[in-house]
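The values are calculated or read from the model by the stated rules, or taken from the named source; none is laboratory data. Here the structure is a predicted model, which means the values were calculated and not measured. Here the Cβ is made from the backbone with ideal geometry for all residues, glycine too, and neighbour counts use every protein chain on show.
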Amino acid sequence: MAGQSKILIVDDDRVGAALLREVLLAAGRDYAIRVEHSGSQALDSLEKDVSDLILLDVVLQDIDGFEVCRRIKARPSLKDVPVILVTALEKIEEKVLGFSAGASDYIVKPINADETRMRVETHLRIKQYQDELKEVNEELKRTQAASIEAAKMSAVGSLAAGVAHEFNNILGLMKGFVQLGKDDRDPAFLQQSNVILEDLIKRGEGLVDGLLNFSRDSSFQDREVIDIREVLKNDAMLLKNKFESAGMSLETDFQDVPAVDCYQNQISQVFVNMALNAFDAMAKTAEKKLLVGVKKCLCDSEGYCSVGGAHRFKSPGDCVVISIKDTGCGIPEKMRDKIFEPFVTTKGVVGGGDSSRPGTGLGLSVAYGIIKRHEGFIFFDSKPGKGTEFFIVLPVGRG
């Protein structure tokens, strides 16, 4: 095993504790062994120094071993530490009581040296593997978070140019009305100009707020119950100028739907990234139209959504479906099975849209991960040369 393993022996019998210590040291392993002679001392000791394994005698004078084990397992910092009970008790009910308290194993007195060393070594290895697995999972979470932010920043850069252009248009209109106000002092005209200027200011504020909200770090946001249509409406406003300046249309068809419990910023990121993918896919097609829809659908008694897809929810009920349909080049057949994998991109592939803008291959994999964390699913229908329609299905009130 890598590194020194810390073992705590808890036994009020000093002779028995010393014998157990000698048995372990005789194995020649790199063990750091400390001994406590009461349950309360052991619990205090574990507050200061967490062990890799605990050998706990069941019969203690102050607190019995079962209760000590329960208290150990109740602490978040100790819940994964293996506890091996050392006891002369052999009744099945007592063993069940020990396992119910959270014990990992039993050693029966009088102890057998070889068996004791084997059990200790086995549980230390299991603990090591658990720690390594935990670290891998944490690293995966960090990598996933970094991928989400990388995909978001890529989208922000693409949105910013369109927002800046629209903002310049607003400023130009405002400047024109201010100049006209200087030349024309008619009260009726000035009143009308003020109304228009206020509307332009609100449009500008909406653009800035929308971009700031989209850019905000979603790791600090809580889930909330929202009207998904309002989120997509604001995002569509951010995208509108980019699409129109490229001769593309962005249309919406939002039906009445139930509110959804979600991370608003993450759902926004999914939509914007997928809309930008559609933008690239339509760069070289004659028809350039993106249709975004929102509607309610029902899952049947087996948990399958009426809109399609192979995903099965745990229970029947309402779902909200977001559809994103483009008239682009479609997804090449050879790419379809791996389109949601990280670093897979159709940009630069024949039939894969605008190859002049290299893709990171993060957008769809990030979208897939986000929707999966929302207990939803995502699938698509694509026809070469005619376009692709993505479906995002989110459950209402259950997974």
Number of positions in the range 1-46 that are closer than 16 Å to VAL58 by Cα and polar (S, T, N, Q): 3
Leading residue by the ranking (farthest from GLY369 (Cα to Cα)) among those in the range 241-278 that are touching a strand residue (DSSP E or B) at 6+ places or on another chain (Cβ under 6 Å) and assigned to a helix (DSSP H, G or I): PHE243
Quick one: how many residues across the range 16-32 are in contact with a strand residue (DSSP E or B) (Cβ under 6 Å, 6 or more places away or on another chain) and surrounded by fewer than 18 Cβ atoms within 10 Å (Cβ to Cβ)? 1
Collect the residues in the range 322-340 that are under 17 Å from ILE371 (Cβ atoms) and touching a Ser or Thr at 6+ places or on another chain (Cβ under 6 Å), keeping them in residue-number order. PHE340
Consider the range 319-365. How many of its residues are outside any loop (DSSP other than H, G, I, E, B) and modelled with pLDDT of 75 or more? 16
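Here's a check for you: in the range 226-259, which residue that is closer than 15 Å to VAL396 by Cα and at pLDDT 90 or above is surrounded by the fewest Cβ atoms within 10 Å (Cβ to Cβ)? So that I can check it myself, show each step before the final result.
At the first step, the residues of the range 226-259 found to be closer than 15 Å to VAL396 by Cα are 226-229, 256-259.
Filter once more, so that each one left must be at pLDDT 90 or above: 227-229, 256-259.
Working: ASP227: 16, ILE228: 23, ARG229: 17, ASP256: 9, VAL257: 20, PRO258: 15, ALA259: 14.
So, considering only residues that are closer than 15 Å to VAL396 by Cα and at pLDDT 90 or above, the one surrounded by the fewest Cβ atoms within 10 Å (Cβ to Cβ) is ASP256.
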Which of the residues belonging to the range 38-72 are surrounded by fewer than 16 Cβ atoms within 10 Å (Cβ to Cβ), of a type outside the set (Val, Ile, Thr) and closer than 23 Å to ARG117 by Cα? ASP49
